[in-house]
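The values are calculated or read from the model by the stated rules, or taken from the named source; none is laboratory data. Everything quoted here is computed from the prediction, not taken from an experiment. Every residue, glycine among them, receives a Cβ derived from its backbone with ideal geometry; neighbour counts consider all protein chains shown.
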Amino acid sequence: MLFQKKIFFLSYIISIAIGALLGGKLSTIGFCYVFVAPIIQYYAYEIKNKNQYYYYLNLGLNNIELWISTFTIALINLLILSLI
Amino acid sequence: MSRLHVDSLTKSYNNKVILNDIFLSCEKGQIIGLIGRNGSGKSTLLKIVFGTEKADSKFVRIGEQIIKNVSKGRNLINYLPQDNFLPNNVKIRTLITLFLSKENRDILFNNEYIIPLLNKQNQELSGGEKRIVEILLIIHSNSEYILLDEPFNGVSPIVKDYIIEYILKMKTDKGYIITDHDYENVFNLADSILYLQNGYLKKINEKRELIELGYLTKTNCHTANKT
């Protein structure tokens, strides 16, 4: 939850901005999020604050699970926005 | 008893063997001190045991559980890295709440060093304050074995003494493997000392062996004895 919070809000703001430029459809924003969220995770955790992974690793999560959580949230978000 | 057992651990970089067929064993209530020169592979060894670094070969087991990766070590091994690892923009109170069980978080909420920091965010803390929060978080986690990689980085002498006493007080419940560049800290804490050199671990019984191994000079050793 804490891990995703950092990614979610920033990714959403960027996705809305890009989505608005591309026509403003909700499904477009959802598509943007699928691409933006992994980039934000890569920047925030793999480049800028790599050591912060250890907080989550010490809770028993591994890198793969954290990446899967980001993609899962992105796909659920896309599904919801496509259905609205 | 669930002993930590590390066997056949080998790691090489660019055809240079850093860790060569390492054997290591630790039980609850024991503190093992790991010392060695810069670049000898101490941190790499701890990361491999924790599961974040790949080895050429390794066998890590706690009790009956074989630890192949971080997930397998959940509630069994925790690792304190050299550098600060707490997420920014989150209050220390929240980080403690998410990390620890209720019983253990109350201990930290009532700790004299933690109380003034509870409502601050990680980035507002000094390096030493961050370190004490991290050490206490890791020590009070549910894990049976704790790997501490240079825990005294950036910590003032009075806090260092507090941490040493704290670990000694807490040692009955867990097993510890600790590295530090200041070998005196490790000697003060550890029940047994292992010296890592050229990929091999050697058990150290007396400080003078460290002179023979080229880790200390006679001057270092005498100065330390005087203090």
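In segment B:50-60, the count of residues that are within 19 Å of B:Gly199 (Cβ to Cβ), in contact (Cβ under 8 Å) with a residue 40 or more places away in the chain, in a helix (DSSP H, G or I) and in contact with an Asp or Glu (Cβ under 8 Å, 6 or more places away or on another chain) is zero. Candidates B:Glu134, B:Glu165: the one that is of a type in the set (Asp, Glu), away from chain A (no Cβ under 12 Å) and farther than 25 Å from B:Arg3 by Cβ is B:Glu165. Among the residues examined, B:Ile96 qualifies as within 21 Å of the chain's Cα centre (by Cα), more than 9 Å from every other protein chain (Cβ to nearest Cβ) and buried (at least 23 other Cβ atoms within 10 Å of the Cβ). For first residues located in segment A:58-73 and away from every other protein chain (no Cβ under 12 Å), partners that are aliphatic (A, V, I, L, M) and lie 6+ apart or on another chain with Cβ distances below 9 Å form the pairs A:Ser69/A:Leu61; A:Thr70/A:Ile7; A:Thr70/A:Ala37; A:Thr70/A:Ile40; A:Phe71/A:Val34; A:Phe71/A:Ala37; A:Ile73/A:Ile7; A:Ile73/A:Ala37. Whenever a residue of segment B:184-207 is over 26 Å from B:Tyr13 (Cβ atoms) and touching a residue at least 24 places away in the same chain (Cβ under 8 Å), its partners that are assigned to a loop (DSSP other than H, G, I, E, B) and hydrophobic (A, V, I, L, M, F, W, C), lying with C-beta atoms within less than 7 angstrom and at least six residues away or across chains, give the pairs B:Asn185/B:Phe152. When we screen B:Leu46, B:Leu24 for residues that are surrounded by 15 or more Cβ atoms within 10 Å (Cβ to Cβ), in contact (Cβ under 8 Å) with a residue 40 or more places away in the chain and within 12 Å of chain A (Cβ to nearest Cβ), the only hit is B:Leu46. From the residues in segment B:75-87 that are more than 7 Å from every other protein chain (Cβ to nearest Cβ) and outside any strand (DSSP E or B), which one is surrounded by the fewest Cβ atoms within 10 Å (Cβ to Cβ)? Result: B:Gln82. Scanning segment B:2-17 for residues that are in a loop (DSSP other than H, G, I, E, B) and under 21 Å from the mean Cα position of the chain (by Cα) yields B:Ser2, B:Arg3.
As a summary of the residue check, A:Asn63 satisfies the conditions (1) over 10 Å from the mean Cα position of the chain (by Cα); (2) modelled with pLDDT of 90 or more; (3) of a type outside the set (A, V, I, L, M, F, W, C) except for the one numbered (2).
Note on segment A:6-44: among residues that are in contact (Cβ under 8 Å) with a residue 40 or more places away in the chain and within 14 Å of chain B (Cβ to nearest Cβ), the one that is surrounded by the most Cβ atoms within 10 Å (Cβ to Cβ) is A:Ile7. Screening segment B:111-227 for strands (runs of 3 or more DSSP E) wholly inside it with 1 or more residues that are in contact with a helix residue (DSSP H, G or I) (Cβ under 8 Å, 6 or more places away or on another chain) and modelled with pLDDT of 95 or more returns the ranges B:145-149, B:175-179.
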